[in-house]
1. Going highest first, how would you order 162-171, 61-70, 176-185 by mean Cβ packing within 10 Å?
2. Given contacts defined as C-alpha pairs under 8 Å and at least six residues apart, what's the relative contact order of the range 108-212, whole-number percent?
3. Only residues of the range 189-212 count here: report those whose backbone N is under 18 Å from the spot 7 Å along Cα→Cβ of E73, or say none.
4. Pop a pseudo-label 7 angstrom from the Cα along the beta-carbon direction at both F162 and S53 and give the gap in nm to one decimal.
5. Give, as a single signed number, the net charge of other residues whose beta carbon lies under 10 Å from the beta carbon of L128, with Lys and Arg counted +1 and Asp and Glu -1.
6. Only sites in a loop by DSSP and with at most 16 other Cβ atoms within 10 Å count here; which GluC sites (Glu not before Pro) in the range 65-164 make the cut?
7. Taking R0 as 41 Å, what FRET efficiency do you get between E208 and S138 from their Cβ-Cβ distance, rounded to the nearest 0.05?
8. Semi-axes, largest first, in whole Å: what does sqrt of 5 times each Cα gyration tensor eigenvalue give for the range 79-212?
Amino acid sequence: MARYTGPKEKIERRFGEKLFLKGERSYSSKAAIVKKPYPPGMHGRKTKNRKFSEYGLQLVSKQKIRTIYRVLEKQFRKYIDQSLKSKGDSGEALVQNLERRLDNVVFRMGFSDARDTARQLVNHSHFLVNEKPVNIPSFKVKVGDTIKIKPNNLGNRYFSSFLPRFFKKYQPPLWLAVDKESFIGRVKNLPSLAESGLDHKDIQAIIEFYSR
């Protein structure tokens with residue numbers, strides 16, 4: 001299955017809520033979901049209050065969370081299987097699997113304003129994890145790991161011009177610590193569902209969907 005490369009804001013309109021796929025634009029009044037708060041298509045206004053079955057709602061939750069983290073079905077299923085086998089709460093385990101992806105951590109630390117951009121930056125090997133270059137977006141960080149921009153890449157146009165526009169005022173979640181002067185981040189704790197900003201109902205629906 002290929003990764004979706006079409007208009008990202010159309011996805012948000014389909015789900016009926018902001019998924020913050022467009023970086024800075026997602027936080028502004030220019031966001032498509034603000035201007036057109038109904039599904040895309042010629043019949044979008046008529047389907048705004050469409051009713052779903054329980055299975056349909058679970059499917060929507062799965063697609064929504066997959067879209068937020070930009071993960072394909074095969075990888076997502078792997079995270080689900082790991083979560084269901086964990087000894088603790090399956091929902092919390094799923095959130096930890098998703099949140100600890102390196103591309104997501106780069107986004108959460110404020111080194112990028114969108115996960116797609118973070119994935120591209122990681123793919124281009126702009127970051128060091130514990131002083132070693134890592135270019136795998138799905139790489140799972142651990143508590144105590146340090147993530148930083150390669151020193152010789154700080155002069156890159158993205159890091160020298162674009163990043164400063166939002167980095168200084170950005171506040172990372174409490175499970176991460178970021179030194180904004182040295183551009184170094186550290187994983188302090190495991191992420192929690194509450195800190196992820198995800199809806200508990202969506203996570204519960206996903207666990208039920210795959211537990212059938």
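Taken together, the values in this text are just the output of simple stated rules run on the coordinates, not laboratory data. Everything quoted here is computed from the prediction, not taken from an experiment. Note that we place each Cβ from the backbone using ideal geometry, even for glycine, and neighbour counts take in every protein chain shown.
1. On the way: 162-171: 12.6, 61-70: 19.8, 176-185: 15.7.
In decreasing order of mean packing, 162-171, 61-70, 176-185 become 61-70, 176-185, 162-171.
2. Values: 113 pairs, mean separation 27.1, N = 105.
That works out to 26 percent.
3. The answer is 206-212, whose backbone nitrogens lie closer than 18 Å to the label point.
4. 4.4
5. On the way: positive: K132, K148, K150; negative: E131.
Net charge around L128: +2.
6. Details: sites: E73, E92, E99, E131; in loops: E131.
For GluC sites (Glu not before Pro) across the range 65-164 that sit outside H, G, I, E and B with at most 16 neighbouring Cβ atoms in 10 Å, the list reads E131.
7. Numbers: r = 25 Å, r/R0 = 0.60.
Computed FRET efficiency for E208 and S138: 0.95.
8. Details: eigenvalues 165, 42, 35 Å².
Semi-axes (√(5λ), whole Å): 29, 14, 13.
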